[in-house]
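Encoded as structure tokens, the structure appears first; notes follow it.
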Amino acid sequence: MHRDHIADESGAPVVSAAPPGPRRALRIGLGGPVGSGKTATVAALCRALRAELSLGVVTNDIYTTEDAEFLLRHAVLAPERITAVATGCCPHTAIRDDISANLEAVEELEAKAGPLDLVLVESGGDNLTATFSRGLVDAQIFVIDVAGGDKIPRKGGPGVTSADLLVINKTDLAELVGADLAVMARDATAQRGERPFVFTSLAAPDGVAPVTAWVRERLAGWG
Amino acid sequence: MTAALLLLADGRFPAGGHAHSGGAAAAVAAGTVTDVPSLERFLLGRLHTVGLTAAGLAAAAARTADPAELAELDRATEARTPSAALRAVSRRLGRQLLRAARAGWPADAGLAALPAGTHHPVVLGTAARAAGLTDRRAAELAVHEAVSGPATAALRLLGLDPYQLVAVLARLAPQLDLVAERAATATRLPAASAPLLDLYGERYDSWKVKLFAS
């Protein structure tokens, strides 16, 4: 259902994106640079959680529905649980400044395939400043990768410093690209303080496990 | 109420317009918009056709809060939009604008009563009325959107010089005022159309690879 039909006591419509009541799906955003492994992380999360949870995915490709099609091709979810949003060359605008198309997409997914437990909103690949609006998602994951250079955590930016979880992916490539994981861990801690980060290698069996565990914690707190 | 007008006209107003090109993406792909002069011709054509029609509908919607009259205007918009793809775009953008307008003017009964999925010009006129703006202001909003959206899209797609684009938009400004005036004072709802934009809308909708939603 569309919450913009809900009225408060005075009869005024309630349009806040805050949880309106008992059960709407937990919404988790995944952002990060192009090629860091956002779609692979979404696919792995879906495989890990789909047996126990009702899932939906919204993708925000920069210029195509490729990410949505990847998820369909790999059959991680039924087609009616995946939808794509076009962002007019500005992926960050669609997740931060003007979230209207993504909110529509999330609500339509819930209306079509719902009730859902968890909706993953995947941003188009963007720069280190791209973060999600709190009006769109309840928590956000920023995905970077070892092959992008071990200095990325040091560079910081809102994605690295403020995301609820930082994922440093492709640890299996560290040796090949001369990346020092200890440096990345040290810089991530310096940038993020108490906020968690995890290393992943999605090439390994159940390589997404640290992210899955974090998502389960968020779900447990969602009620 | 100039501040409310500027709020609604601001490209940062979160109503979804940034992801739509108003046919500019298809025109660029077709090779009909390649540079600043061809973009100016495209914008001029858009202004005097779908711009005028949208402005007339928005102005009429701004004059009433009667649900039956607004429903009639919604049907009038439907009849003036031959492309099924563009009708769907108009309804989707109407939903997105309605969400933002309700957040801005939560006490307005007309906005609250408007069905989700009402066509964009009708929502735009209703939002203008809710903001305390006149029908003429609603028409100005519509022509502004009809031109500025595709202009920005073409800028991104072609890497145009933004100062040359500013020159074009400033040159067109008096015409925008004239079209808004004409739309707001028309005794019958305008029905100007641009068949090529309808064809572009249909063609673009079938593409696999696209930067803009329309």
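The values are calculated or read from the model by the stated rules, or taken from the named source; none is laboratory data. Quick caveat, the model's predicted, so the values are computed rather than measured. Cβ: placed from backbone, ideal geometry, glycine included. Neighbour counts: every protein chain shown.
Some points to look at:
- Residue check, B:A15 at pLDDT 95 or above and in a helix (DSSP H, G or I): no
- Extreme residue, nearest to the chain's Cα centre (by Cα), among residues of region A:140-151 that are buried (at least 20 other Cβ atoms within 10 Å of the Cβ) and of a type in the set (A, V, I, L, M): A:I141
- The residues on offer are A:L120, A:L30, A:L49, and the sole one that is more than 14 Å from every other protein chain (Cβ to nearest Cβ), modelled with pLDDT of 95 or more and surrounded by fewer than 24 Cβ atoms within 10 Å (Cβ to Cβ) is A:L49.
- Just one residue in the set B:R87, B:R92, B:R99 is more than 11 Å from chain A (Cβ to nearest Cβ) and within 18 Å of the chain's Cα centre (by Cα); that residue is B:R87.
- Of the residues making up region A:21-42, those that are in a helix (DSSP H, G or I) and among the hydrophobic types (A, V, I, L, M, F, W, C) are A:A40, A:V42.
Conditions tested, residue by residue: (1) within 16 Å of the chain's Cα centre (by Cα); (2) among the charged types (D, E, K, R); (3) modelled with pLDDT of 95 or more.
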residue: B:A127; (1), (2), (3): yes, no, yes
residue: B:A138; (1), (2), (3): yes, no, yes
residue: B:S148; (1), (2), (3): yes, no, yes
residue: B:V179; (1), (2), (3): yes, no, yes
residue: B:A186; (1), (2), (3): no, no, yes
residue: B:A192; (1), (2), (3): yes, no, yes
residue: B:W207; (1), (2), (3): no, no, no
residue: B:A213; (1), (2), (3): yes, no, no
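- Residue within region B:46-55 that is within 14 Å of chain A (Cβ to nearest Cβ) and touching a Pro at 6+ places or on another chain (Cβ under 8 Å) present: no
- Residue within region B:190-208 that is within 14 Å of chain A (Cβ to nearest Cβ), within 25 Å of A:S100 (Cα to Cα) and touching a Pro at 6+ places or on another chain (Cβ under 8 Å) present: no
- Just one of (1) closer than 25 Å to B:G104 by Cα; (2) away from every other protein chain (no Cβ under 14 Å) fails for B:S148. It is (2).
- Inspection of region A:209-223 finds a residue satisfying the criterion of being surrounded by fewer than 15 Cβ atoms within 10 Å (Cβ to Cβ) and touching a Ser or Thr at 6+ places or on another chain (Cβ under 9 Å).
- Within region A:63-93, the set of residues being in a helix (DSSP H, G or I) and away from every other protein chain (no Cβ under 12 Å) comprises A:D67, A:F70, A:L71, A:L72, A:R73, A:P79, A:E80, A:R81.
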